[in-house]
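Here the structure comes first, spelled out in structure tokens, and everything after it is commentary.
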Amino acid sequence: MPPTLTLRHTLLYSCTSSGINLINTAVSTWLLYYYAPPPDTGAVQYLSVTAVGILLAIGRVWNAIIDPSIGHWSDRTQSRWGRRTPFLVLGSLMTLGALLFLWTPLTSYPSLLNAFYFLTMTIILYTGMSLVGVPYDGSLPEMAATAVERVRLSMWKNIFGILGVLGGAVIASSVYSRWGAIAMGGAIGIIGVVTVGLTIPVLPKRILPTLDPTGEGEEITSMSFWQSLHATLRNRPFLILCSSTILVQTAYAMLLSNLPYFVALILQEPEAAVGRYQSLVVMAMLAAAPVWNRLSRDYQDRQLLKVSLLGLALTTSLLTVVGWISFLSTGLQAALCLGFLGPFLGGYFILVYAMMGAVVEQDASVTGQRREAFHYSIFSFSAGMGLSFSTLIIPPIFSHYGYTLAQAAGVRMVFLVAGILVVLGAVVFQGYRFTDAPMQR
């Protein structure tokens, strides 16, 4: 690894983040809506909203469970292409295949056949995404040697991720509304493969040695899976980050899944407008990214993360009352709320991944083990559990409060519950301390 991270390495490395986020955003936004649209819109309903929620939860639990195994496997892999490249190649191709078939249910009505097919395709999709995402995230500490480099690389990774979200908003929404879900799946899958291809040449090929933490420099035996899991679960700052992440990711997934219903039922605008509102959030995230990077030089990352969480909780909750102010149009109210939401959401993603890098490096100095992907896999497990919980929370809210043009209170309630979950995430994060490691600055 070079002593200074070059701009070329930074930009090419960050490309995969755009592909991952494009796919995640498109799937999270449209999958529930495609299979279980509002009953009174005239769209084909392939499964009930409850069935989709349960099946998505099963798929995402599978995704979360396999992440630690993939991370451990990646950390221990030795090949001439490095530890991460083989996983990214296989995973991106598997993801492309799943995205082509995910949107082709076998019957044009709710059926057990559709349910089985849906579960199979989502499991293949999430497996492919894990094979890409876990080793990719695990390579960040390998790319960035210092705290300053980690924040800078995390910022660029997040900027490219935001561009991916923008692609998920603009490209996916446009293709979905014009040519349908299958064309959208193929388009985002191909983009994902291309972005991985751009990153692979700059991934570290050299396998860093596992050193004796006493400082004598002797190589030590790598941990087994269970030893690695035990050591990771004893890392208090890491566990607090993961616990908070479960709550925040649940809220974020609820926000994405609820947006098409919000546009169709509260704003009463066409499906293509979903991309426009998502783009507004993305542009606000992009504009705020350099600000968070600059603030991180003067303030501790954990202080800034608290600010981002509280701001995200407030702005998400405000979406509950969109349309209740008589002197502003409903569309303008939505735009204002989403515009203010963007900077706090972007700040959260920049800061949490930078802090993860610091925690991973501290673990390496204590244990003498290079276990980057394993840590990120547990972190991904937390995010996956959050996504699973979101698919279990939304259907009961819709069923109880309504998600039709005549009764859309359920759509509003989802935003309120999401805001409360972010507040709980901030409360959990209060216990985060990094005093047993060198200062992050």
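The values are calculated or read from the model by the stated rules, or taken from the named source; none is laboratory data. Quick caveat: nothing in here was measured; it's all calculated off a predicted structure. All Cβ positions, even for glycine, are placed from backbone atoms using ideal geometry, and neighbour counts span all protein chains on display.
List of remarks:
- Residue check, residue 119 modelled with pLDDT of 90 or more, aliphatic (A, V, I, L, M) and surrounded by fewer than 15 Cβ atoms within 10 Å (Cβ to Cβ): no
- Being outside any loop (DSSP other than H, G, I, E, B), at pLDDT below 90, surrounded by fewer than 20 Cβ atoms within 10 Å (Cβ to Cβ) and β-branched (Val, Ile, Thr) is a condition met by at least one residue of segment 142-159.
- Yes/no for residue 383 being within 20 Å of residue 243 (Cβ to Cβ), crowded, with 22+ Cβ neighbours inside 10 Å and at pLDDT below 75: yes
- Residues that are in contact with a Lys or Arg (Cβ under 7 Å, 6 or more places away or on another chain) and buried (at least 23 other Cβ atoms within 10 Å of the Cβ) within segment 74-102 comprise 74, 75, listed in sequence order.
- Condition met for residue 120 (free of Cβ contacts under 8 Å to residues at least 12 places away in the same chain and either over 22 Å from the mean Cα position of the chain (by Cα) or closer than 30 Å to residue 262 by Cα (or both)): yes
- Sole residue being over 21 Å from residue 168 (Cβ atoms), assigned to a helix (DSSP H, G or I), modelled with pLDDT under 90 and in contact with a Phe, Trp or Tyr (Cβ under 9 Å, 6 or more places away or on another chain), chosen from 26, 57: 57
- Pair list, Cβ under 8 Å, 6 or more apart: segment 35-56 residue acidic (Asp, Glu), other residue modelled with pLDDT under 90: 40/404; 40/405; 40/406
- When the residues of segment 315-350 are filtered to those that are out of contact with any helix residue (DSSP H, G or I) (no Cβ under 7 Å at 6 or more places or on another chain) and of a type in the set (A, V, I, L, M), the one that is nearest to residue 17 (Cα to Cα) is 336.
- Unique match (being part of a helix (DSSP H, G or I) and at pLDDT 90 or above) among 92, 74: 92
- Members of segment 32-54 found to be of a type outside the set (Val, Ile, Thr), part of a helix (DSSP H, G or I) and crowded, with 21+ Cβ neighbours inside 10 Å, listed by number: 32, 33, 34, 35, 53
- Every condition in (1) modelled with pLDDT of 85 or more; (2) in a helix (DSSP H, G or I); (3) out of contact with any Lys or Arg (no Cβ under 9 Å at 6 or more places or on another chain); (4) more than 22 Å from residue 428 (Cα to Cα) is met by residue 315 except one, and the failing one is (4).
- Residue selected from segment 396-411 under the condition in a helix (DSSP H, G or I) and at pLDDT 90 or above, by the criterion surrounded by the fewest Cβ atoms within 10 Å (Cβ to Cβ): 400
- Residues of segment 87-127 that are closer than 15 Å to residue 69 by Cβ and in contact with a Ser or Thr (Cβ under 8 Å, 6 or more places away or on another chain): 87, 91.
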